[in-house]
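What follows is a set of notes on a single structure, which appears directly below.
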């Protein structure tokens, strides 16, 4: 994938080539950009296919659960394991959700696109947390569980009641 700076450089180069009427240089830039666009389309198709496989596994898991199958999570476990995303036995659901929220925030900063109500930053450490109203509600103090626990530990160590 072409870095943003390279795209910006090509844009400036194209503007300069246009100003001096250099058709050969403009053709080279267009070819480069079309090649990048083709690669982006191929990557999008791969992502769409993987999303479809994950969605199918999730739907099969729900259907298996509704049919009272002995191991309804088999389909989802297999799909997650195929991508190396199966959580370990010690991973808490809250940690998985927090990691997903952090990843989403990082991706949004890369694309400079911020959809509404992504989540909330912890007032203690600034970590991006889960979307309010969907996964969990925003705590009254605006702090993540780690900061709330750490704050409670510090308060009890100082002998102050919470």
Filter result for residue 55 (under 30 Å from residue 14 (Cα atoms), in the same structural domain as residue 13 (by TED's automatic domain parsing) and either at pLDDT below 85 or part of a helix (DSSP H, G or I) (or both)): no
So residue 94 clears everything in (1) more than 14 Å from the chain's Cα centre (by Cα); (2) at pLDDT below 85; (3) surrounded by 15 or more Cβ atoms within 10 Å (Cβ to Cβ) except one condition, right? Which one? (2)
Mind checking which residues of region 1-52 are in contact with a helix residue (DSSP H, G or I) (Cβ under 6 Å, 6 or more places away or on another chain) and either loosely packed, with under 10 Cβ neighbours inside 10 Å or closer than 30 Å to residue 83 by Cβ (or both)? 2
Looking at this structure, is residue 65 assigned by TED's automatic domain parsing to the domain that holds residue 147 and either at pLDDT 85 or above or surrounded by 10 or more Cβ atoms within 10 Å (Cβ to Cβ) (or both)? no
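Just wondering, is there one or more residues in region 15-34 that are within 30 Å of residue 121 (Cβ to Cβ) and without any contact (Cβ under 8 Å) to a residue 40 or more places away in the chain?
First pass over region 15-34, keeping only residues within 30 Å of residue 121 (Cβ to Cβ): none.
No; the residues of region 15-34 include none that is within 30 Å of residue 121 (Cβ to Cβ) and without any contact (Cβ under 8 Å) to a residue 40 or more places away in the chain.
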Here are 96, 7: which of them is assigned by TED's automatic domain parsing to the domain that holds residue 147 and either assigned to a helix (DSSP H, G or I) or in contact (Cβ under 8 Å) with a residue 40 or more places away in the chain (or both)? 96
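The values are calculated or read from the model by the stated rules, or taken from the named source; none is laboratory data. From a predicted model like this one, the values you see are computed outputs, not experimental measurements. Using ideal geometry, Cβ is built from the backbone for each residue, glycine included, and neighbour counts are taken over all protein chains shown.
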